[in-house]
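The values are calculated or read from the model by the stated rules, or taken from the named source; none is laboratory data. Just so it is clear, the model here is predicted, and its values are computed rather than measured. Don't worry about glycine lacking a Cβ; one is built from the backbone with ideal geometry, like all the others, and counts go over all protein chains shown.
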Amino acid sequence: MKKTRIAFIALSLACLAAMLNWHFAPFSFRMARLINDHAVLQRDVPMPIWGWGKPGRSVRLKLKNTTTGETETYQTKVNGQCRWEIQLKPHSAGGPYRIEIMGQLNYFRRTDILFGDVWLCAGQSNMSIKVKDSDGFETAMAAPLDESIRYFLVENKASQTPCHDYRQGRWKLDDPSLRSNFSALPYYFAKQLQAHLNVPIGVINASLGSSRIEPWMPSQCFDAPCLEHGLDTTNYSEENEMVTEMPTGLFNSMIAPSLPFPVKGIIWWQGESNTEGFGPLAYKYQFACLIKTWREARGDSLLPFLFVQLANIGPKPPNKKEVSDWPQLREAQLLVSQQLSRTAMVVAFDICHPTDVHPGNKKGIAERLALASRSVAYVEKLIWSSPVFQKMELENDRLRLHFDTKGGTLATKPSNSALKGFALASTDRVFRPAEAKIEGNTVLLRSNEVPKPVAARYAWERSPVGSNLCNNEGLPASPFRTDNW
């Protein structure tokens, strides 16, 4: 009887607690999940610390440098929308710090906080593939613990409306016992930056394999003016509720909760899932809209945005004379990089496996992204960009292509090897291989099979193996065409 009474009391208390928790859930005092133990906060800018609670309640914050003992105090109140926010003054790189938050009935403490640079990493599978599945895995795993690199993995989830916070997730140190499951590209990118800058680096990884671009786009991209450029949602079937396809779904759940959290920049690798059908034709409008709206949502119209051009996919499908799906999407990416300031595109086809859509050389691609970031985000003067085609001139039976070498000189890889990858066509629109020769910042093309050339293409294939135009730093030229056929 006594045991039965104790069990009944325990059950009653549990039910009462559940009822109270349900009743006060809208006013539960809490902090944003990104503000947690081991977090990296963006240096040199006002840094918001925010959360939720009952309107009108006071919130006090104490920030303490646990090395020097220096302490700062702040105070605010929960507003009418159940949200509170405190702006920390800008801090230089360093730490560790401890954050203490005191509500009227609650107390939270977050420890081992660093100030440094934070990068948001997003896209599909090539952004999410793990260190253990990339080239050089053994070398990466042999490196010691590095407390200056921190990693936050966002849960893969879609939502029809914008979310205010992440349901789960925590910051993790670059510990060898955890490193194998870190995403490879963000990991190597962070390693490169940390080694060069000597400041803490935090990466927030919001990526999902097989995802199209539409789920990553906010609702503004689907307003009436955007529909004129093919930004439509009618191909989505709500019956399937595909996380990888639902328009705005991934932005709402995986990006929106991070918007108040300042970042140094964004790196992006996506596009493979948009190569089917009319996807490549719409992509330049979609991608440009994504960049603009992500920047607007963060209140920074010049936020650095770096991305990887599509790598390789293998030979063309059987029974198809010519396939321009991947080349056209690469072209869309190139156009966006030329149209929007403070963006940077890195070319990847030359250091990736010719038939693997998931190249293992994530370290090599991360090195190019880090190099680009040093110019775009950190304003260093260096050669980081591939040569870019500018214009074409007809010279009798030849075509001369002019390039912006971005501070370098035209070259081939390997050095002094024959230049390959170019094709010429006449008005019949049939492209044939062309002889190519570098002359200063130009390339001169000719072909005995095309006596009256009108158009040229370079590396215009799904997997342009052998195309070898680059600059003297070894950075490859992007695939391009002079026609619009």
Exercise. Across region 101-128, which residue is farthest from Gly271 (Cα to Cα) among those that are under 22 Å from the mean Cα position of the chain (by Cα) and of a type in the set (Phe, Trp, Tyr)?
Worked result: Phe115
Exercise. Scanning for something over 19 Å from Gly265 (Cα atoms) and touching a His at 6+ places or on another chain (Cβ under 6 Å), does region 394-403 turn up at least one residue?
Worked result: no
For this session: Within region 28-85, track down each residue that is acidic (Asp, Glu) and more than 24 Å from Arg170 (Cβ to Cβ).
Result: Asp44, Glu70, Glu72
For this session: Take the residues in region 153-181 that are in a strand (DSSP E or B) and free of Cβ contacts under 8 Å to residues at least 60 places away in the same chain, then tell me which one is farthest from Glu245 (Cα to Cα).
Result: Asp174
For this session: From (1) closer than 22 Å to Trp326 by Cα; (2) of a type outside the set (Asp, Glu); (3) in contact with a Phe, Trp or Tyr (Cβ under 6 Å, 6 or more places away or on another chain), pick out the condition that doesn't hold for Thr482.
Result: (3)
Seminar exercise, completed: When region 454-474 is checked residue by residue, the ones that are within 14 Å of Ala311 (Cα to Cα) and either in contact with a Lys or Arg (Cβ under 7 Å, 6 or more places away or on another chain) or surrounded by fewer than 20 Cβ atoms within 10 Å (Cβ to Cβ) (or both) are Trp460, Arg462, Val465, Gly466, Ser467
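Do you know which residues across region 420-450 are in a loop (DSSP other than H, G, I, E, B), crowded, with 17+ Cβ neighbours inside 10 Å and either modelled with pLDDT under 95 or of a type in the set (Val, Ile, Thr) (or both)?
Val450
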Exercise. Right, Leu185: out of contact with any Ser or Thr (no Cβ under 7 Å at 6 or more places or on another chain) and more than 29 Å from Arg83 (Cα to Cα) or not?
Worked result: yes
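Would you check which residues across region 322-335 are among the polar types (S, T, N, Q) and outside any helix (DSSP H, G or I) and list them? Full working, then the answer.
To start, the set of residues in region 322-335 that are among the polar types (S, T, N, Q) comprises 324, 328, 333.
Within region 322-335, just Ser324 meets the criteria.
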For this session: Output the residues belonging to region 121-133 that are buried (at least 22 other Cβ atoms within 10 Å of the Cβ) and not in a strand (DSSP E or B).
Result: Gln124, Asn126, Met127, Ser128, Val131
For this session: Answer yes or no: is there a residue in region 148-170 that is under 17 Å from Ile129 (Cα atoms), out of contact with any Lys or Arg (no Cβ under 7 Å at 6 or more places or on another chain), among the hydroxyl-bearing types (Ser, Thr, Tyr) and surrounded by 24 or more Cβ atoms within 10 Å (Cβ to Cβ).
Result: no
Exercise. Just one of Ser12, Ser28 is over 40 Å from the mean Cα position of the chain (by Cα) and modelled with pLDDT under 95; which is it?
Worked result: Ser12
For this session: Spot the failing condition for Pro96; the list is (1) part of a strand (DSSP E or B); (2) more than 20 Å from Val263 (Cα to Cα); (3) without any contact (Cβ under 8 Å) to a residue 40 or more places away in the chain, and only one is missed.
Result: (2)
Exercise. So which residues in region 336-352 are under 17 Å from Asn468 (Cβ atoms) and assigned to a loop (DSSP other than H, G, I, E, B)?
Worked result: Val347, Ala348, Cys352
